[in-house]
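Below is one structure, written out as structure tokens; comments come after it.
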Amino acid sequence: MVGAADGDVAFVRGLARMGAAGQVSKGLRVTFGLRQRDGAWQIACEHESMPFCMDDFRAAPGLEP
């Protein structure tokens, strides 16, 4: 994961794996927007997306970090 913070706002992005035992797992891009309130960080925004191949725009679920 890669992140940046300034004051009471932070953003974190990275790759996640999703799957169940015995199934093929899929790679997802994730981004979280965080806000600090009363000393605790809370998720203010969340986004997930499936990476895709730029040449033919097909999903690329096998993406490895």
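The values are calculated or read from the model by the stated rules, or taken from the named source; none is laboratory data. Quick caveat, the model's predicted, so the values are computed rather than measured. As a convention, Cβ positions derive from the backbone with ideal geometry for all residues, glycine included, and neighbour counts pool all protein chains shown.
So the check is Cβ under 7 Å with 6+ separation or different chains; which pairs have a first residue in segment 6-31 that's touching a residue at least 40 places away in the same chain (Cβ under 8 Å) and a second one that's surrounded by 14 or more Cβ atoms within 10 Å (Cβ to Cβ) and in a loop (DSSP other than H, G, I, E, B)?
Hits for this filter: L15/L63.
In contact with a Phe, Trp or Tyr (Cβ under 8 Å, 6 or more places away or on another chain), exposed (fewer than 10 other Cβ atoms within 10 Å of the Cβ), at pLDDT 80 or above and not basic (K, R): does that describe A4?
Criteria met by A4.
Hey, any hits in segment 24-37 for a residue that's assigned to a loop (DSSP other than H, G, I, E, B) and over 23 Å from F52 (Cβ atoms)?
no
Out of segment 17-52, which residues are within 22 Å of V2 (Cβ to Cβ), of a type in the set (V, I, T) and surrounded by fewer than 13 Cβ atoms within 10 Å (Cβ to Cβ)?
Within segment 17-52, just I43 meets the criteria.
Among the residues in segment 53-61, are any assigned to a strand (DSSP E or B), over 13 Å from the mean Cα position of the chain (by Cα) and surrounded by 10 or more Cβ atoms within 10 Å (Cβ to Cβ)? Full working, then the answer.
We begin by selecting, within segment 53-61, every residue assigned to a strand (DSSP E or B); these are 59.
Applying the additional criterion that residues be over 13 Å from the mean Cα position of the chain (by Cα) yields 59.
Now restrict to residues that are surrounded by 10 or more Cβ atoms within 10 Å (Cβ to Cβ): 59.
Checking segment 53-61: at least one residue is assigned to a strand (DSSP E or B), over 13 Å from the mean Cα position of the chain (by Cα) and surrounded by 10 or more Cβ atoms within 10 Å (Cβ to Cβ).
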